[in-house]
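This report refers to the structure that appears directly beneath it.
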Amino acid sequence: MKTGSMDESILVCVYYGPNGERLIRRGGKIAKMLNCPLYVLTVDRQPEDEWDIEKNHYISAWKTIADDFGADQFIVKYNETRPVAKVISDVAKQKNVTQIVLGQTAQSRWEEITKGSIINVLLNEIPFVDLHIVSVSRELKHQEGFYEKGIRAYLLEEAGGYKLCFNHTHLDKYEGIFYKEVGTDFNNGVFKFMKGKEMIEVAVYDDYIKDINNGKK
């Protein structure tokens, strides 16, 4: 357990999706700066055995990033029926959290608060905690809703690049999630995968990727 001189503690709240990585990195940087404990929390109504490959992929990637920042605990609340704001406030109290990092779309993403703001609820539940609201970039907003549901896929190395395939073999170079563009008959879209401790995102055109080194982190 890290003990900073300011007696601070950071909780990052993430929901599976493209913004999670940025939230963990933001919270991780704050925790390193303050030399204090870092916790990451995600909440879901479904039990663990009903999670699909896309959710599990995000969780795996987030755990890797959280470990890289020396997180004290990665907390997953499965099969949760309580309001999300209540879960966050309870965890914050249990861990003596002083700062919470949230995504701008937490309210719509977690589909929890139909009236009012989840921020106002948290301010009432835990008034002693500072809230950091991280906005979603325009690029990420643009991507949401324009890709089909992610499916497991693999990259097979070929001369001059990589070929996208959906059958696992011993020749596969990388495993990840492929998001196909809506409205296309070809396999055009985005492939996301872990390369070392980094989440990489590369463009796919007709089942082909030219260079994974140009991918976005």
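The values are calculated or read from the model by the stated rules, or taken from the named source; none is laboratory data. Just so it is clear, the structure is predicted and the values come from calculations on it, not from any experiment. All Cβ positions, glycine included, derive from the backbone under ideal geometry; neighbour counts span all protein chains shown.
Anything in the range 187-208 that is within 16 Å of Tyr162 (Cα to Cα) and without any contact (Cβ under 8 Å) to a residue 40 or more places away in the chain? List them, or say none. Spell out how you get there, then give the answer.
Step one: filter the range 187-208 for residues within 16 Å of Tyr162 (Cα to Cα), giving 187-195, 200-208.
Of everything in the range 187-208, those that are within 16 Å of Tyr162 (Cα to Cα) and without any contact (Cβ under 8 Å) to a residue 40 or more places away in the chain turn out to be Asn187, Asn188, Phe191, Phe193, Lys195, Ile200, Glu201, Val202, Ala203, Tyr205, Asp206.
When only residues in the range 173-212 that are among the basic types (Lys, Arg) and over 16 Å from Glu54 (Cβ atoms) count, which is farthest from the chain's Cα centre (by Cα)?
Lys210
Out of the residues in the range 42-68 that are crowded, with 18+ Cβ neighbours inside 10 Å and among the aromatic types (Phe, Trp, Tyr), which is modelled with the lowest pLDDT?
Tyr58
Just give me the residues in the range 27-60 being part of a helix (DSSP H, G or I), among the acidic types (Asp, Glu) and under 17 Å from the mean Cα position of the chain (by Cα), in sequence order. Step through it out loud before you land on a result.
Taking the range 27-60 and keeping what is part of a helix (DSSP H, G or I), we get 27-34, 48-50, 53-60.
Next cut, among the acidic types (Asp, Glu) only: 48-50, 54.
Listed by number, the residues that qualify are Glu48, Glu54.
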